[in-house]
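Structure in structure tokens, see below.
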């Protein structure tokens, strides 16, 4: 699932290439995920020009010259391509935008879980989930973070991934943040000290800024990609236990624990995250 580092890398890549560029043609080969009528999307986008690409939580917001916004929530398997028109399309390509600069911006979605909208900029809160989202994880202040987290008492990983608390953190990066803060993912928030909440807040910034730099570098020359996760320290790094060096905590050497409650993989170190 694209999370903040992935989306920030995509946003930065596109802002260097498409701002001010005209959309000469818009196609919706698989209109299933397009929640605005497909005909309206094509009519609005064709002949329009891109403004800057913004991000809020896990949404990418493509500003347009007529003050409309193309809103894309990539969900679990949404992927972007910025390629020449002759490049092979990914399976289940849902949206193709041909640009006046000779390139195409494409969106594909293997599980067709993503959602695409075109709305007026002043109507952005009509997009489902938008109005209920908490502050973005990169913008929330420590004071606001502390105030908001008091309302939540359950397992801290579930709190971090709740978009109503703060927006943009998913399964993979919640594991990394909790590892950085040395907090066990199933720890009840109500048992955490003020110092631990402060450590958690700082870990969000540390992990996100480090990861944005790494992922942005990986996408520097192209956007025909899959998620980059090799830099993560614990998430999905548990291994199968057959390799003595595989799946070891980079901090203490303990084998990383990997479990899947509710079919969602959680990875952590039982020594460092007691």
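What percent of all Cα-Cα pairs in the stretch 52-211 falls into each 10 Å bin, going from 0 up to the bin containing the maximum distance?
10, 33, 29, 20, 8, 1
Please express the shape of the chain as an equivalent ellipsoid: the semi-axes are the square roots of 5 times the eigenvalues of the C-alpha gyration tensor, given largest first in whole angstrom.
Values: eigenvalues 255, 92, 48 Å².
Output for the chain: semi-axes of 36, 21, 15 Å.
What is the fewest-to-most order of 220, 148 by other Cβ atoms lying within 10 Å of their Cβ?
Details: 220 12, 148 16.
Lowest to highest Cβ neighbour count: 220, 148.
Now a separate question. Nearest-5 percent of antiparallel DSSP beta bridges in the chain?
Numbers: 37 of 39 bridges.
In the chain, approximately 95 percent of DSSP beta bridges are antiparallel ones.
Follow-up question, since we're still on this one. Along the Cα→Cβ direction, 7 angstrom out, place labels at residue 227 and residue 67. What is the inter-label distance in nm?
3.8 nm
So for the pair residue 49, residue 30, with labels modelled 7 Å out along Cα→Cβ, what separation do we get in nm?
Simple spin-label model gives 3.3 nm for this pair.
Considering only C-alpha atoms, what is the centroid distance from the stretch 40-67 to the stretch 78-94, in Å?
Spelled out, the Cα-based centre of one part sits 18 Å from the other.
Take the alpha-carbon centre of the stretch 3-26, take the same for the stretch 130-169, and report the distance between them in whole Å.
27 Å
Related question: Give the distance, in whole Å, between the Cα centre of the stretch 187-225 and the Cα centre of the stretch 102-125.
One Cα centre to the other: 25 Å.
Same structure again: If you rank 232, 112 by fewest surrounding Cβ atoms within 10 Å, what's the result?
On the way: 232 19, 112 15.
Least crowded to most crowded, the residues run 112, 232.
Between residue 122 and residue 91, what's the calculated FRET efficiency when r is the beta-carbon distance and R0 is 30 Å? Round to 0.05.
E(calc), rounded to 0.05, equals 0.25.
OK, next. For the chain, take the longest principal axis of its alpha carbons; what is the angle in degrees between that and the long axis of helix 4-15, to the nearest 10 within 0 to 90?
In the chain, helix 4-15 runs at an angle near 30 degrees to the longest axis.
Among 46, 28, which comes first, second and so on when ranked by fewest other beta-carbon atoms within 10 Å? Intermediate results must be reported in sequence, preceding the final value.
Details: 46 15, 28 20.
Listed from fewest to most nearby Cβ atoms, that is 46, 28.
Place the peptides 8-21, 156-169 in order of packing, highest mean first, counting for every residue the other Cβ atoms within 10 Å and averaging per peptide.
On the way: 8-21: 17.7, 156-169: 21.4.
Final packing ranking: 156-169, 8-21.
Mean-square fluctuation check for the chain, GNM, Cα pairs under 10 Å: which of 82, 117, 32 is largest?
Among 82, 117, 32, the largest mean-square fluctuation in the Gaussian network model of the chain belongs to 32.
Would you mind classifying the stretch 142-268 by shape? Square roots of the alpha carbon gyration tensor eigenvalues, ordered a ≥ b ≥ c; an a/c under 1.5 is rounded, otherwise it is prolate if a/b is larger than b/c and oblate if not. Intermediate results must be reported in sequence, preceding the final value.
On the way: a/c = 1.84, a/b = 1.25, b/c = 1.48.
Note, shape of the stretch 142-268 comes out oblate.
Also, I was wondering about something else. Run the quick spin-label model on residue 153 and residue 110: label points 7 Å from Cα toward the beta carbon, then report their separation in nm to one decimal.
Spacing of the two 7 Å Cα→Cβ label points: 4.0 nm.
Tell me, in nm to one decimal, what length is gained between residue 19 and residue 260 on full extension, where the rule is 0.36 nm per residue of separation less the Cα-Cα distance? Working shown, then result.
Working: separation 241, 0.36 × 241 = 86.76 nm, distance 4.16 nm.
Using 0.36 nm per residue and subtracting the Cα-Cα distance, I get 82.6 nm.
What is the percent of Cα-Cα separations in the stretch 1-71 that go past 15 Å?
The answer is 56 percent, as a whole percent.
Let me ask another. What's the percent breakdown of Cα-Cα distances in the stretch 99-174 across 10 Å bins, shortest bin first?
Pair shares across the bins are 15, 34, 31, 16, 4, 0.
Every read-out reported here was derived from the displayed coordinates using simple, explicitly stated rules and does not represent laboratory data. Computed from a predicted structure; not experimentally measured. Ideal geometry is used to build each Cβ from the backbone, glycine not excepted, and the neighbour counts take in all protein chains shown.
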